[in-house]
Amino acid sequence: HKGLMAGKKGLIMGVANGHSIAWGIAKALHEHGAEIAFTYQGEALGKRVKPLAESVGSDTVLECDVTDEASIDAVFGALEEKWGKIDFLVHAIAYSDKNQLRGNFTDTTRDNFLMSMDISCYSLIAVSKRAAPLMSDGGSIVTLTYYGAERVIPHYNVMGVAKAALEASVRYLAVELGRKNIRVNAISAGPIKTLAASGIGDFRYILKWNEYNSPLKRNVTIEDVGGSALYLLSDIGAGVSGETHHVDAGYHVVGMKAEDAPDM
Ligand code: NAD
């Protein structure tokens with residue numbers, strides 16, 4: 001295979017179904033020759049993930065709940081046994097009680113704050129710690145974040161705080177793991193209709209707003225994110241680490257929407 005990922009093996013965590021951002025990444029990596037293992041959370045999602053994995057030639061589909069250290073250990077133990085080493089890791093996992101992804105930020109409970117931080121931020125640190133020893137020829141790790149980390153987006157609330165911590169974690173991981181030639185980056189994706197996004201209050205309005213206000217006048221797709229992840233996970237992204245790379249049709253650069261010029 002002559003693809004950008006030929007000879008590379010790695011793990012994708014966070015496919016729930018065919019609409020998942022992680023699935024967009026899986027398709028791009030597969031097209032370029034990667035060998036991919038997947039994790040899923042719980043048997044209900046496993047039923048959806050197994051046929052998807054099979055369609056990209058993967059026979060390694062493992063259950064993993066990132067709140068459970070033993071379950072993370074088991075996944076990386078299985079990968080070590082199967083491949084001995086890996087080249088890439090995709091972390092596309094986040095969670096908050098959806099009742100707190102609407103309404104007032106000050107109504108965030110301590111329990112949900114800690115759970116959201118645990119699943120959406122700490123898990124990146126936990127999986128990077130296990131992945132690093134397997135990346136004996138160097139490697140590349142990508143996680144998914146959102147603009148709500150940088151600026152206030154209505155309803156995003158505690159998840160914005162968790163994503164800010166995630167982006168900071170990417171920078172700390174990039175420095176530490178850079179010594180082993182492991183790169184760590186985040187993709188800040190524009191809003192995409194997925195299972196996780198459906199938990200965010202007024203999500204359809206957020207989609208409309210981005211379509212109307214972004215430079216490209218459209219929303220992004222899981223294929224757009226897949227292309228950018230391919231760049232970061234393959235050797236053509238070899239000089240990039242610690243970055244939060246926006247794949248949002250340019251939305252993050254807009255301070256105020258311009259009137260469209262008459263000749264456009
Ligand atoms: P999704 O629902 O398809 O994926 C979320 C995944 O997180 C699911 O596979 C789910 O099983 C997994 N997950 C949740 N809790 C878990 C746990 N305890 N253990 C293991 N896995 C767990 O939705 P998505 O939108 O593709 O989300 C993927 C990532 O992209 C998330 O980090 C999300 O915050 C981020 N993101 C999404 C958008 C968007 O608009 N959809 C925009 C920017 C960033």
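Here are some notes:
- Restricting the stretch 179-226 to residues that are away from the ligand (no atom under 11 Å from the Cβ) and among the hydrophobic types (A, V, I, L, M, F, W, C), the residue that is nearest to residue 138 (Cα to Cα): 182
- Qualifying residue in the stretch 127-143 (condition: at pLDDT 95 or above, within 14 Å of the ligand (Cβ to nearest atom) and either among the small types (Gly, Ala, Ser) or more than 26 Å from residue 80 (Cβ to Cβ) (or both)): no
- Scanning the stretch 240-264 for residues that are within 25 Å of residue 27 (Cβ to Cβ) and free of Cβ contacts under 8 Å to residues at least 40 places away in the same chain yields a single hit, 250.
- Qualifying position, being buried (at least 21 other Cβ atoms within 10 Å of the Cβ), out of contact with any helix residue (DSSP H, G or I) (no Cβ under 7 Å at 6 or more places or on another chain) and either within 26 Å of residue 135 (Cα to Cα) or aliphatic (A, V, I, L, M) (or both), among 232, 195, 207: 232
- If the condition is being under 14 Å from residue 118 (Cα atoms) and in contact (Cβ under 8 Å) with a residue 12 or more places away in the chain, then the stretch 59-79 contributes 65, 66, 67, 69, 72.
- For first residues located in the stretch 103-119 and at positive phi, partners that are assigned to a helix (DSSP H, G or I) and lie 6+ apart or on another chain with Cβ distances below 9 Å form the pairs 103/157.
- When residue 217 is tested against (1) crowded, with 22+ Cβ neighbours inside 10 Å; (2) more than 28 Å from residue 36 (Cβ to Cβ), exactly one condition is not met: (1).
- Filter result for the condition that a residue is in contact with a Phe, Trp or Tyr (Cβ under 8 Å, 6 or more places away or on another chain) and within 15 Å of the ligand (Cβ to nearest atom), over 114, 101: 101
- Strands (runs of 3 or more DSSP E) wholly inside the stretch 1-87 that include at least 1 residues being away from the ligand (no atom under 16 Å from the Cβ) and surrounded by 15 or more Cβ atoms within 10 Å (Cβ to Cβ): 9-13, 35-40
- Long-range neighbours under 9 Å by Cβ, at least six apart or interchain, first residue over 16 Å from residue 76 (Cα atoms) within the stretch 5-24, second β-branched (Val, Ile, Thr) and away from the ligand (no atom under 16 Å from the Cβ): 8/86
The values are calculated or read from the model by the stated rules, or taken from the named source; none is laboratory data. Computed from a predicted model, the values in this text were never measured in an experiment. With ideal geometry, Cβ positions are generated from the backbone for all residues, glycine too; neighbour counts draw on all protein chains shown.
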